[in-house]
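The values are calculated or read from the model by the stated rules, or taken from the named source; none is laboratory data. Quick caveat, the model's predicted, so the values are computed rather than measured. Cβ: placed from backbone, ideal geometry, glycine included. Neighbour counts: every protein chain shown. Only protein heavy atoms, including side chains, enter the accessible area calculation; ligands, DNA and RNA are left aside. Shrake-Rupley method; radii C 1.70, N 1.55, O 1.52, S 1.80 Å.
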Amino acid sequence: MTTFIHNAWYAVCWSHELVDKPQAKRVLGEDIAVYRTKSGLAAAVEDCCPHRFAPMSLGHVDGESIVCGYHGMEFDRAGCCKSIPGQKNVPSRVKIKTYPVVEKHNLIWAWTGAPERADQALIPEVHWLDAPGWTPVTGTTRYECNWILLVDNLLDLTHTTFVHQSTIGTEDVASTPITTEFGNDRVYVVRDMKNTVPSNFYKRVGGFDGMIDRWQRIWLEPPSVVVIDAGGVPAGGSRKEEASDGYTGIDTRVVSMLLPVDEGTVDQIWAFVRDTQPDDRELDSDIKKSLTVTFGEDADFLAGQQANMERFPNKQMLNNTADAGVVQTRRLIERWIESDTATAEAAE
Ligand code: FES
Ligand SMILES: [Fe+2]
């Protein structure tokens, strides 16, 4: 059974990564070539030339067109063939499949569903990535697992106590129960920790040297963006919106755009944004190092889970109390998949 939601926008790479050289991407099992035209527009075509099926990602960009590297057929951004070397007539029926593409919040988003349904209003809400007052550090991590396992992982931070002791983990995360809230087709997983020891990561980012009060509020933004709203203040202190003066806390978002590559592979295109020390490039570099280690620590667990799921396809997972948000979010995802499948079938 598929876990893909086709009628949706997926971030395929960061804006700065998209250059005029076409790049191969696999999105929901479909191979596409993404590129930037001379005038700077983002574009995507099927990574298969209609002529002899050479990958378009081996071609090049010429002005506003992409040119196949094998025999030189040229296609514009709408997929229409503009020229065929050695041939005067270019039949108007010669086309390559294109994908709607939008550049927003420093990301390149591709739509994998019916092109006529590609509504930009459906691009996930991730304004922190380029909003004033927030400083981002970004990266991409690949996991050999189904994308929903990574959603579970990011929603349930209990594992940080055990997996990420050297960076973001502390004892209090696993021992503090979560609560869940609902609203707007989302499940919010909330954990508040008072008078707790800061993690090594929080000590570095927030400069804390004593106990802190910290919070986590996590949700899945449809179809596959996990937002972790997290932060901390010195124990007993006020959060930014309530502090009259002397705010010394940190407010952060870990925004993970999950790109389901295929059923057993997912890319996490992530950003850590903070509200403090906007000009500290050394801090940027420490954050990047620390989070690269952190996400790398998850990779073996997730790949192992995937392997076990394939080995025991009929076994059911056990749900503990801390999994409440994961279970409820999985129900939401199931509904989104069903409705997406129904939409696709109705269109056939
Ligand atoms: S395979 Fe692309 S032009 Fe021949
Ligand atoms: Fe993790």
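The conditions are (1) touching a Gly at 6+ places or on another chain (Cβ under 9 Å); (2) more than 14 Å from ligand 1 (Cβ to nearest atom), and PRO55 fails exactly one of them. Which is it?
Condition (2) is where PRO55 drops out.
Does VAL205 qualify as being in a helix (DSSP H, G or I) and in contact (Cβ under 8 Å) with a residue 40 or more places away in the chain? Reasoning before the result, please.
Values: in a helix (DSSP H, G or I): yes; in contact (Cβ under 8 Å) with a residue 40 or more places away in the chain: yes.
Yes.
Among the listed residues THR135, THR141, THR160, which satisfies the condition of being modelled with pLDDT under 95, closer than 28 Å to VAL190 by Cβ and either away from ligand 1 (no atom under 16 Å from the Cβ) or among the aliphatic types (A, V, I, L, M) (or both)?
Checking each option against the conditions leaves just THR160.
So ALA118 clears everything in (1) surrounded by fewer than 22 Cβ atoms within 10 Å (Cβ to Cβ); (2) within 16 Å of ligand 1 (Cβ to nearest atom) except one condition, right? Which one?
Going through the list (1) surrounded by fewer than 22 Cβ atoms within 10 Å (Cβ to Cβ); (2) within 16 Å of ligand 1 (Cβ to nearest atom), ALA118 breaks only (2).
What pairs come out if I take residues in the stretch 136-147 that are free of Cβ contacts under 8 Å to residues at least 12 places away in the same chain and pair them with residues that are of a type in the set (D, E, K, R) and open to solvent by 10 Å² or more (accessible area, probe 1.4 Å) whose C-beta lies under 8 Å away, six or more apart or interchain?
Pairs that qualify, where the first residue is free of Cβ contacts under 8 Å to residues at least 12 places away in the same chain and the partner is of a type in the set (D, E, K, R) and open to solvent by 10 Å² or more (accessible area, probe 1.4 Å): there are none.
From the list ALA322, ALA303, ALA299, which one is touching a residue at least 60 places away in the same chain (Cβ under 8 Å), of a type in the set (Gly, Ala, Ser) and in contact with a Pro (Cβ under 9 Å, 6 or more places away or on another chain)?
Only one candidate passes the filter, namely ALA322.
ALA78 - would you say it is away from ligand 2 (no atom under 16 Å from the Cβ), assigned to a loop (DSSP other than H, G, I, E, B), within 18 Å of VAL101 (Cβ to Cβ) and not polar (S, T, N, Q)? Steps first, please.
On the way: away from ligand 2 (no atom under 16 Å from the Cβ): yes; assigned to a loop (DSSP other than H, G, I, E, B): yes; within 18 Å of VAL101 (Cβ to Cβ): yes; not polar (S, T, N, Q): yes.
Yes.
Just give me the residues in the stretch 224-238 being open to solvent by 10 Å² or more (accessible area, probe 1.4 Å), in a loop (DSSP other than H, G, I, E, B) and touching a strand residue (DSSP E or B) at 6+ places or on another chain (Cβ under 8 Å), in sequence order.
Scanning the stretch 224-238 gives ALA235, GLY236, GLY237.
Counting only residues that are charged (D, E, K, R) and open to solvent by 80 Å² or more (accessible area, probe 1.4 Å), which one in the stretch 36-91 is farthest from LYS104 (Cα to Cα)?
So the residue we want is LYS88.
Any chance the stretch 148-165 includes a residue that's loosely packed, with under 15 Cβ neighbours inside 10 Å, touching a strand residue (DSSP E or B) at 6+ places or on another chain (Cβ under 6 Å), assigned by TED's automatic domain parsing to the domain that holds VAL189 and in contact (Cβ under 8 Å) with a residue 40 or more places away in the chain?
Quick first cut of the stretch 148-165, residues loosely packed, with under 15 Cβ neighbours inside 10 Å only: 162, 165.
Then keep just the ones that are touching a strand residue (DSSP E or B) at 6+ places or on another chain (Cβ under 6 Å); that gives none.
The answer is no, given that none of the residues of the stretch 148-165 is loosely packed, with under 15 Cβ neighbours inside 10 Å, touching a strand residue (DSSP E or B) at 6+ places or on another chain (Cβ under 6 Å), assigned by TED's automatic domain parsing to the domain that holds VAL189 and in contact (Cβ under 8 Å) with a residue 40 or more places away in the chain.
Quick one: which residue in VAL34, VAL19, VAL90 is away from ligand 1 (no atom under 15 Å from the Cβ) and either among the charged types (D, E, K, R) or assigned to a loop (DSSP other than H, G, I, E, B) (or both)?
None of the other options fit; the residue is VAL19.
What about ASP172, is it among the charged types (D, E, K, R) and not in a strand (DSSP E or B)?
yes
Got a number for residues in the stretch 298-336 being among the basic types (Lys, Arg) and either within 15 Å of ligand 2 (Cβ to nearest atom) or more than 28 Å from GLY113 (Cα to Cα) (or both)?
Summing the residues that are among the basic types (Lys, Arg) and either within 15 Å of ligand 2 (Cβ to nearest atom) or more than 28 Å from GLY113 (Cα to Cα) (or both) in the stretch 298-336 gives 2.
So which of GLY133, GLY113 is farther than 26 Å from GLY296 by Cβ and not assigned by TED's automatic domain parsing to the domain that holds ALA42?
One residue alone meets the criteria, GLY133.
Can you pull out every residue in the stretch 273-288 that is open to solvent by 30 Å² or more (accessible area, probe 1.4 Å) and within 19 Å of the chain's Cα centre (by Cα)?
LYS288 - this is the single residue of the stretch 273-288 that is open to solvent by 30 Å² or more (accessible area, probe 1.4 Å) and within 19 Å of the chain's Cα centre (by Cα).
Which condition does TYR99 not pass, out of (1) buried (at least 18 other Cβ atoms within 10 Å of the Cβ); (2) within 11 Å of ligand 1 (Cβ to nearest atom); (3) not basic (Lys, Arg), if it passes all the others?
Every condition holds for TYR99 apart from (2).
Which condition number in (1) within 16 Å of ligand 2 (Cβ to nearest atom); (2) open to solvent by 40 Å² or more (accessible area, probe 1.4 Å); (3) under 18 Å from the mean Cα position of the chain (by Cα) is the one that PHE295 fails?
(2)
Within the stretch 126-154, take every residue that is within 11 Å of ligand 2 (Cβ to nearest atom) and not in a strand (DSSP E or B) and give me the one that is farthest from SER290 (Cα to Cα).
ASP152
If a residue must be closer than 27 Å to VAL327 by Cα and surrounded by 13 or more Cβ atoms within 10 Å (Cβ to Cβ), how many such residues does the stretch 182-212 contain?
Within the stretch 182-212, residues that are closer than 27 Å to VAL327 by Cα and surrounded by 13 or more Cβ atoms within 10 Å (Cβ to Cβ) number 9.
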